[in-house]
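This report refers to the structure that appears directly beneath it.
The values are calculated or read from the model by the stated rules, or taken from the named source; none is laboratory data. Model, not experiment: these values are computed from the prediction. Ideal geometry is used to build each Cβ from the backbone, glycine not excepted, and the neighbour counts take in all protein chains shown.
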Amino acid sequence: MRLFCLLLVAALPALGQSIVERARRLYDQKSIPEAKAMLDKVQEEDPDYALAQYYLGRIAFDNQDYDNAAEHFEEATEAKNGEKSEYYAWLGDTYGTIARDANIIRQGLLAPKMKSAWEKAIALDSRNLDARQSLISFYTEAPGFMGGSMEKAKEMAKQIMAINPAQGHRSLGNLYVKEKNILGAEKEYLEMVKTDPATAPLLGNFYLNEKKFDKAFAMFDAALQKDPHDMVAVYQLGKTSAVSGQRLDEGEQAMLRYLAYAPKPNEASHAGANMRLAQIYEKKGKKPEAKQKYEQALKLDGNLKEAKEGLGRVSRP
């Protein structure tokens, strides 16, 4: 009897949920076929129809079925209760993904649609930073006759700065990098770190990309002096060693230490760490060790271009 009561209590929350709420939980739990089967049953007259179409769009997008995803997101935005910022943001992103591999004619047709979707997302929620970042990408990648404009991109970055200063400085810094204004970019990245110290690895990566290795090492040395258990800094120090060819013994130890650590979801993967360790071994002239680590990296992530190239180099007689 007690077991029956416990099971009944556990089931009560689900009994009070709508079909879409239950499907959303299944989606979050990665039970995708079950979620889709439930969402497909939601009819147009249902108050949750727009939300159901939104999640069907998300499922199609996850499956790289972008045309189908766009249809679902369009349906969501056109339905009753469909005036949601995130629906329009995802619609714009889906159009953009389709345009990426489309011919010039289809790109020309999609350009105003994606721009309009992101603008609508921002009109519904001015703090939707994802939509604002997507518009920056549009302004910098689209040709002028399709609406591209570096000045509009910079203006959007400044608007982001008013909402999230660190992200705004980062966006403006990225734009200066595109213009090869390295001094301007560095100034923005320094402001980014000043407003949010957690973004320091991004400044370190900037120094790394610009081959300012002394500044990159100095940043990660300082981070580790402050917190020896900062595993992001451990990885970045190893990466800087792998790219620069400097302080190789320290870089090797850093990467071995990182490989003994379980990365959090947003941290560098073991695939990347194996690749960087392989690069260190390659620079040290240890071809067998480098080959083994490149193979391990590709076993974990077969899409690592640098690992494929490295394996090719060390496999040659």
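Observations on the structure shown:
- Residue in the stretch 162-196 that is surrounded by the most Cβ atoms within 10 Å (Cβ to Cβ), counting only those that are of a type in the set (K, R) and within 14 Å of S137 (Cα to Cα): R170
- Taken together, N181, N209 contain a single residue that is of a type outside the set (G, A, S), out of contact with any helix residue (DSSP H, G or I) (no Cβ under 6 Å at 6 or more places or on another chain) and at pLDDT below 95, which is N209.
- Residue match in the stretch 138-158 (condition: assigned to a helix (DSSP H, G or I), in contact (Cβ under 8 Å) with a residue 40 or more places away in the chain and in contact with a helix residue (DSSP H, G or I) (Cβ under 9 Å, 6 or more places away or on another chain)): yes
- Tabulated pairs, the stretch 179-200, first polar (S, T, N, Q), second surrounded by fewer than 15 Cβ atoms within 10 Å (Cβ to Cβ), C-beta under 8 angstrom, 6+ apart or interchain: none
- Counting residues in the stretch 135-146 that are buried (at least 20 other Cβ atoms within 10 Å of the Cβ), in contact with a Ser or Thr (Cβ under 7 Å, 6 or more places away or on another chain) and farther than 25 Å from V234 by Cα gives one or more.
- Within the stretch 269-317, being acidic (D, E) and in a helix (DSSP H, G or I) holds for E282, E289, E295, E306, E309.
- The number of residues in the stretch 295-317 being small (G, A, S), surrounded by 19 or more Cβ atoms within 10 Å (Cβ to Cβ) and either touching a residue at least 40 places away in the same chain (Cβ under 8 Å) or farther than 13 Å from S269 by Cα (or both) comes to 2.
- Flag for L175 being of a type outside the set (S, T, Y), without any contact (Cβ under 8 Å) to a residue 40 or more places away in the chain and either touching a Pro at 6+ places or on another chain (Cβ under 6 Å) or within 23 Å of A260 (Cβ to Cβ) (or both): no
- Residue list for the stretch 225-262, restricted to those being surrounded by fewer than 17 Cβ atoms within 10 Å (Cβ to Cβ) and either modelled with pLDDT under 95 or not hydrophobic (A, V, I, L, M, F, W, C) (or both): Q225, K226, D227, P228, H229, G245, Q246, D249, E250, Q253, R257, Y261
- Checking each residue in the stretch 239-255 for being assigned to a helix (DSSP H, G or I) and in contact with a helix residue (DSSP H, G or I) (Cβ under 7 Å, 6 or more places away or on another chain) picks out K239, T240, S241, A242, V243, S244, L248, E250, G251, E252, A254, M255.
- Complete set of residues in the stretch 217-248 that are within 16 Å of P197 (Cβ to Cβ) and of a type in the set (G, A, S): A218, A222, A223, A233
- If you go through the stretch 98-112 and pick out every residue that is surrounded by fewer than 17 Cβ atoms within 10 Å (Cβ to Cβ) and assigned to a helix (DSSP H, G or I), you end up with 7.
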